[in-house]
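What follows is a set of notes on a single structure, which appears directly below.
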């Protein structure tokens with residue numbers, strides 16, 4: 001090239017405006033890192049200021065569910081405790097619905113309201129997952145809160161699976177006082193189905209596995225409920241007695257089914273709705289994520305046998321309440337749960353896998369924040385996550401999307417076992 005021509009081209013190139021390189025699209029990691037809000041601690045009694053940003057995604061909710069990926073981990077239980085405190089102290093929630101039996105829940109409610117009862121003995125009757133120092137701390141907090149405030153927090157179990165004698169006795173007592181002309185009829189129905197064992201676990205096993213002809217129990221328990229419903233009384237004592245009768249009927253019906261997963265979650269949602277209406281208060285629902293998630297097509301694989309599928313309680317509640325039902329999913333990266341059971345990091349195909357790449361030890365993530373295309377792809381992808389730990393590490397849960405399941409995540413990187421009582 002001629003020297004003058006070369007210099008002309010070189011000068012034109014130098015003076016030309018620079019053409020920017022193609023902008024790099026934000027990655028999923030970028031979006032999570034930008035919106036993750038770190039939590040200072042898992043300590044339940046710590047100041048709550050680092051949870052104040054939950055107020056925006058939970059605004060307007062009447063029921064907020066706290067669903068853990070797995071039971072029996074100390075850090076997640078403590079984070080749920082902190083979140084419960086926030087909802088009570090900062091957002092005005094005054095009712096709790098727990099993944100445990102209704103009849104036992106009435107005794108726990110008495111404890112947190114009045115201090116009556118032996119907390120350790122009552123917790124010894126709860127499902128094994130709740131018999132820990134960490135859950136004890138939750139009940140002690142609730143009792144201490146109620147002792148200092150006139151506006152009390154109330155507690156209910158939303159399950160029927162261990163309906164105790166007190167439910168039968170309460171139905172009998174109500175009819176004796178308010179409809180004595182029906183008492184003989186009621187007692188003729190109650191006597192054959194009144195549990196003959198005080199150990200409810202043993203009674204459940206006996207009825208479920210050893211009673212061949214369950215039809216008389218089904219007929220009489222439903223007749224008890226029909227008798228109470230037919231009284232058409234009003235007032236809170238009647239509502240409670242009728243609810244006791246409903247749990248008696250649910251108990252016998254559930255343990256007459258070959259597969260009661262769908263039945264259980266439908267009844268849990270029904271019981272929670274009743275509790276919300278009965279109290280007139282905003283409710284915190286404490287349970288496993290398999291129940292709390294808005295997952296109408298939830299499926300759990302079982303590597304050693306047939307899996308199972310059911311619409312979650314949360315899916316019933318979302319259908320009934322719409323956006324007034326919100327769900328927080330409590331997730332983790334790896335660690336150990338009580339057993340001990342090792343919980344390896346999530347597979348690359350599980351939705352929580354990218355959460356472990358964030359530098360914070362514990363953080364919240366509002367899934368309703370505007371997302372990049374990478375974030376939307378993650379939120380809207382067919383969901384896959386760890387299944388039930390007792391089925392082994394190969395068990396998975398599927399069905400729906402992350403955007404459907406949860407509104408907020410509270411993530412911790414490392415979990416350790418709960419401390420049994």
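Limited to the range 112-141, what total is found for residues that are crowded, with 19+ Cβ neighbours inside 10 Å and touching a strand residue (DSSP E or B) at 6+ places or on another chain (Cβ under 7 Å)?
Residues that pass the stated criteria total 4.
Does any residue of the range 30-48 turn out to be modelled with pLDDT under 95 and either within 23 Å of the chain's Cα centre (by Cα) or over 23 Å from residue 285 (Cα atoms) (or both)?
Filtering the range 30-48 down to residues modelled with pLDDT under 95 leaves none.
Checking the range 30-48: not a single residue is modelled with pLDDT under 95 and either within 23 Å of the chain's Cα centre (by Cα) or over 23 Å from residue 285 (Cα atoms) (or both).
Can you tell me which condition residue 260 does not meet? The list is (1) farther than 30 Å from residue 219 by Cβ; (2) in contact with a helix residue (DSSP H, G or I) (Cβ under 9 Å, 6 or more places away or on another chain); (3) free of Cβ contacts under 8 Å to residues at least 40 places away in the same chain, and all the others hold.
(1)
Assuming residue 220 fulfils every condition listed in (1) closer than 21 Å to residue 274 by Cα; (2) in a helix (DSSP H, G or I) apart from one, which condition is it?
(1)
Residues 349, 327, 336: which one is surrounded by fewer than 16 Cβ atoms within 10 Å (Cβ to Cβ), at pLDDT 95 or above and in the same structural domain as residue 41 (by TED's automatic domain parsing)? First the steps, then the outcome.
Working: 327 fails: surrounded by fewer than 16 Cβ atoms within 10 Å (Cβ to Cβ); 336 fails: surrounded by fewer than 16 Cβ atoms within 10 Å (Cβ to Cβ).
None of the others qualify; the one that does is 349.
Could you count how many residues in the range 372-390 are surrounded by fewer than 17 Cβ atoms within 10 Å (Cβ to Cβ) and either free of Cβ contacts under 8 Å to residues at least 24 places away in the same chain or under 20 Å from the mean Cα position of the chain (by Cα) (or both)? Spell out how you get there, then give the answer.
Start the filter on the range 372-390 by keeping residues that are surrounded by fewer than 17 Cβ atoms within 10 Å (Cβ to Cβ), which leaves 372-373, 376-377, 380-382, 390.
Checking the rest, the ones that are also either free of Cβ contacts under 8 Å to residues at least 24 places away in the same chain or under 20 Å from the mean Cα position of the chain (by Cα) (or both) come to 376, 380, 382, 390.
Here the count works out to 4.
Only one of (1) in contact with a helix residue (DSSP H, G or I) (Cβ under 7 Å, 6 or more places away or on another chain); (2) without any contact (Cβ under 8 Å) to a residue 24 or more places away in the chain fails for residue 306. Which number is that?
(1)
Which one of the conditions (1) over 30 Å from residue 63 (Cα atoms); (2) within 24 Å of the chain's Cα centre (by Cα) does residue 197 fail to meet, given that it meets all the rest?
So the condition that residue 197 fails would be (2).
Return the residues of the range 208-230 that are under 30 Å from the mean Cα position of the chain (by Cα) and touching a residue at least 40 places away in the same chain (Cβ under 8 Å); say none if nothing qualifies.
208
Determine whether the range 406-418 contains at least one residue that is within 19 Å of residue 50 (Cα to Cα), in a loop (DSSP other than H, G, I, E, B) and modelled with pLDDT of 95 or more.
Among the residues of the range 406-418, at least one is within 19 Å of residue 50 (Cα to Cα), in a loop (DSSP other than H, G, I, E, B) and modelled with pLDDT of 95 or more, which makes the answer yes.
For the range 365-402, which positions are in contact with a strand residue (DSSP E or B) (Cβ under 9 Å, 6 or more places away or on another chain), in a helix (DSSP H, G or I), at pLDDT 95 or above and over 22 Å from residue 39 (Cβ atoms)?
Once the filter is applied, which keeps residues that are in contact with a strand residue (DSSP E or B) (Cβ under 9 Å, 6 or more places away or on another chain), in a helix (DSSP H, G or I), at pLDDT 95 or above and over 22 Å from residue 39 (Cβ atoms), the range 365-402 yields only 380.
The values are calculated or read from the model by the stated rules, or taken from the named source; none is laboratory data. Model, not experiment: these values are computed from the prediction. For neighbour counting, all protein chains shown are included, and Cβ atoms are generated from backbone atoms with ideal geometry for every residue, glycine included.
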